[in-house]
Structure formats: structure tokens, C-alpha cells
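Colleague: Dropping a structure here in C-alpha cells format, bear with me for questions.
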Amino acid sequence: MSLLVTVPTAELAADIAAQGPLPDGVEVQVWDMTAPPPAPRIDIVVPSYLGRQRFSALDGIEVGLVQGQMIGYEAVIDKVPAGVPFANAASVHEPATAELALALTLAAQRELPRFVRAQDAGVWDRAFTSSLADRRVLLVGIGGVGKAVARRLAGFETSITAVAQTARTEHVEGVGEIAVHALADLPTLLPDAEIVILSLPGGSATHQLFDADMLARMADGALLVNVGRGTLVDTDALIAENGRIRAALDVMDPEPLPEGHPLWTTPGVLFTPHVGGASTAMNPRIAALVRTQIDRMLAGEEPANLIPR
């Protein structure tokens, strides 16, 4: 059986090759979807990362599967031609995103930006800062990223509670049992939380979940960490808090943040430019996922991570 797979970069093609010899009949070509397609049928198309996809290039050709490079798919799923299966990149970005969530949390708690600025100024600026140990952490979202965050928090002696669409008890490897409350309980849980970490997906159901009313329920000095989607938080409402609560964000609304936007100078806000999955872990994990999809397709099995359409 012959199988044609296209990937957007030579680097990703090399990472797929590094996984081991391809099965007979499987060919991987580099196609970034800016030139004409290399064949009238492509079995697996891997588009570019983030906002550089050109799905109109798929019009008029037969495609067996579009394998996205992101966990989130809300912004792209409607751009994939009708009838073409789409899979997201679950299992790829969770560790790196959880690492950044923890890094942002620690940087905010221990006031690392303050010390970096002092170092740049040549000032020896000692300070007594907040710990991560013994803090009450509320995870809003307990999917792949939320579980990965919980595993990384396990060594920091925190108290973890979680919120998801439905109430349940979730077993997380390396952590044990975590009490998961329904999303409807969020308003009553927020006042007791010292650190709130968001990893929910975007979409209409979660749009501006943290609006002015929800932010007002957070305790003075509490930390809001967002590695989910920027639209989870009402940016204007966060700015209006004016430092009463702190925030550490990898995602925000809008993105990229325009020059002169007030979030740049809002007190107590630390942010990174949506780089949660952008690490050396990404390409080898994408490559491994593509190899899994190749094996499944050759075996006549349903692709992994298939998103219902």
C-alpha cells in the first residue's frame, strides 16, 4: 500500500525519519501549502504551526487526514474542507505547556521579573516573596494540560482542587485522587484559591469565563495563570483590577498584543507571547504522532485524536 504524507518543513520530515525506517510504500514530502499540491491525493497533510495554515490549498484534492500541530482546534476546524477528517495534537504540547504554567507561577510568586530588572540596573534588591509551597491551587480544566500541571505541582507541597464541566474524582498518576468540582461551582471556589491556573479550551462555552464578576470573586493578591486560551479572560476586566489580583499569562486577547495596549503596563501582570508549546519537545512529539497516524492508516484503523465534525 502506498501512502503520501506532507509536512510543512524539512526539519519535521527529518524528525519523522529519525523515528526509524518508514514502512514500504510510505513517502514523506515537504509541502507548506503555498505551492501547488504535490499530488491529486495526499493521505496525511500536516499544516504549518499556529496561524500560518493555508487550508484553501486543499480545495480540489483528495485528503485522507489533516493532522494539526496544536491541541486547540477552534480557530481552524471550520477552515478544513468539508468531509476531510481532522486530528489535533493531543499528547504533543501538554508537557511543555505545563512546564510554562509552572514557570509562570513560580516567576510570579517569587517575583523573578523584579530581580531581573534589579540585575539589569545593577541593584542588589533583596525581598521577601510568596511561596508556591502550601498554597491552595485551583485548576480550571483537568484535561491533558491540567493533569500535566497537577503532576508537576505534586512535588511543591500544594493543595490542589480542580474544576471541569462535570463533578467527579479524577486519578492523576503521581498525584493520586483530585476532587473535581463542576464548573457551576467555580464562583464559590474562587474566593479560597490563592493560585488559579486556567487550561480550558476556547469557544463560546468558555468565552470570557473570567469576566469582571468572576475576577472580583478572587481574593486580594491571588494569582491567575492562563495557559488555555486568551478568550477565557476578559482583558478589559483584568486591566480594571489594576493589580488587586496578579496575573501570569501565556495567552491573551488580543494576540499579538498591540503596541501601547494597557495590558503591557498593568500592575502585577507577567506574560509570555503564547509560547507554551514552543520548545524542543514539540517536533519529536509531532513526528511520533505522525508515525502513529501512518501506522493506523496502514492498519485500516481510525486516526488518533480525531475531532468530531
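The values are calculated or read from the model by the stated rules, or taken from the named source; none is laboratory data. Given the structure is predicted, the values throughout are model-derived calculations rather than measurements. When we count neighbours, we look across all protein chains shown, and the Cβ atoms used for this are built from the backbone with ideal geometry, even at glycine. Heavy atoms of the whole protein, side chains included, go into the accessibility calculation; ligands, DNA and RNA do not. Shrake-Rupley method; radii C 1.70, N 1.55, O 1.52, S 1.80 Å.
Colleague: Give the residue, chosen from Val123, Val92, that is open to solvent by less than 50 Å² (accessible area, probe 1.4 Å) and not aromatic (Phe, Trp, Tyr).
Modeller: Answer to the selection: Val92.
Colleague: Within the range 226-256, take every residue that is out of contact with any Gly (no Cβ under 9 Å at 6 or more places or on another chain) and surrounded by 18 or more Cβ atoms within 10 Å (Cβ to Cβ) and give me the one that is nearest to Gly146 (Cα to Cα).
Modeller: For the range 226-256, the residue satisfying everything is Asn226.
Colleague: Moving on to the next point. In the range 269-279, which residues are surrounded by 14 or more Cβ atoms within 10 Å (Cβ to Cβ) and either modelled with pLDDT under 95 or closer than 26 Å to Leu12 by Cα (or both)?
Modeller: Answer for the range 269-279, where residues must be surrounded by 14 or more Cβ atoms within 10 Å (Cβ to Cβ) and either modelled with pLDDT under 95 or closer than 26 Å to Leu12 by Cα (or both): Thr272, His274, Gly276, Gly277, Ala278, Ser279.
Colleague: Name every residue in the range 257-268 that is open to solvent by 20 Å² or more (accessible area, probe 1.4 Å) and not in a helix (DSSP H, G or I), in order of residue number.
Modeller: Once the filter is applied, which keeps residues that are open to solvent by 20 Å² or more (accessible area, probe 1.4 Å) and not in a helix (DSSP H, G or I), the range 257-268 yields Leu257, Pro258, Glu259, Gly260, His261, Pro267, Gly268.
Colleague: Anything in the range 14-27 that is surrounded by fewer than 20 Cβ atoms within 10 Å (Cβ to Cβ), at negative phi and of a type outside the set (D, E, K, R)? List them, or say none.
Modeller: Passing the criteria: Ala14, Ala17, Ala18, Gln19, Pro21, Leu22, Pro23.
Colleague: Restricting to the range 28-46, give me the number of residues that are part of a strand (DSSP E or B), open to solvent by 20 Å² or more (accessible area, probe 1.4 Å) and of a type in the set (A, V, I, L, M).
Modeller: Residues meeting the conditions: 2.
Colleague: Of all the residues that make up the range 47-87, how many are in a strand (DSSP E or B) and in contact (Cβ under 8 Å) with a residue 40 or more places away in the chain?
Modeller: Number of matching residues: 5.
Colleague: Criterion first (surrounded by fewer than 19 Cβ atoms within 10 Å (Cβ to Cβ), touching a residue at least 60 places away in the same chain (Cβ under 8 Å) and either among the polar types (S, T, N, Q) or at positive phi (or both)) does Gly176 satisfy it? Full working, then the answer.
Modeller: Numbers: surrounded by fewer than 19 Cβ atoms within 10 Å (Cβ to Cβ): yes; touching a residue at least 60 places away in the same chain (Cβ under 8 Å): no; either among the polar types (S, T, N, Q) or at positive phi (or both): yes.
Criteria not met by Gly176.
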